[in-house]
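The values are calculated or read from the model by the stated rules, or taken from the named source; none is laboratory data. Because the structure is predicted, anything quoted here is derived from the model rather than measured. Reconstructed Cβ throughout: ideal geometry from the backbone, glycine too, with neighbour counts over all protein chains shown. To get the accessible areas, we keep the full protein, side chains included, count just its heavy atoms, and leave off ligands, DNA and RNA. Shrake-Rupley method; radii C 1.70, N 1.55, O 1.52, S 1.80 Å.
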Amino acid sequence: MALPNAFAQYNNSKIMTASPAELVLMLYEGAIKFCNIAIVSLEHKEIAKAHTYIIKTERIVDHLRATLDMKYPVAEEFDKVYEYLQRRLIQANMKKDPEILKEVCGHIRSVRDTWKEVMRINRVGGV
């Protein structure tokens, strides 16, 4: 089918042409999406699927944390937030607890919304 291929090409183009700020925003959006899928999976007792999507969320948070530029003081605060999110994701995965995931997802949404506001104020990436 041509449609899935066209969608893949569109997504690839979107990523390749995005600014660094837009890429960070995409990572937040992906983490929220994966976290929501994990929540729904747990609610439907799809444990393996939930595990997969919790791990995907963890990897995004790991990447966000690993790419912090520590020469800026605010990076230390983001590091603390990401460390907390990593810890809670591990707990959610061990306990298979959707409430922990809802908390994590709320925090990621909050950080994403702050990031979007920073982008808007600085007019980065057309947001």
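Which entries of Lys80/Lys102; Lys33/Lys95; Lys33/Lys116; Lys96/Lys116; Lys45/Lys80; Lys56/Lys95 show an alpha-carbon separation above 27 angstrom in the structure shown? With Cα atoms farther than 27 Å apart: Lys96/Lys116; Lys45/Lys80. Just to be sure I understand the model, the point goes 7 Å from the Cα along the line to the Cβ. What's the resulting Arg59 to Ile47 distance in nm? For the pair Arg59/Ile47, the computed spacing is 2.3 nm.
The fraction of all Cα pairs in the chain landing in successive 10 Å bins from 0 to the largest distance is 13, 38, 32, 16, 1, given as whole percents. For Arg59, Arg109, Arg88, the ranking by accessible surface with the largest value first comes to Arg59, Arg109, Arg88, using a 1.4 Å probe.
Over the residues of the chain, the helix contribution to mean residue ellipticity at 222 nm works out to -29500 deg cm²/dmol, using -39500 (n - 2.57) for each DSSP H run of at least 4.
Once the 1.4 Å probe is applied to the protein heavy atoms, the stretch 47-119 comes out at 59 Å² accessible per residue.
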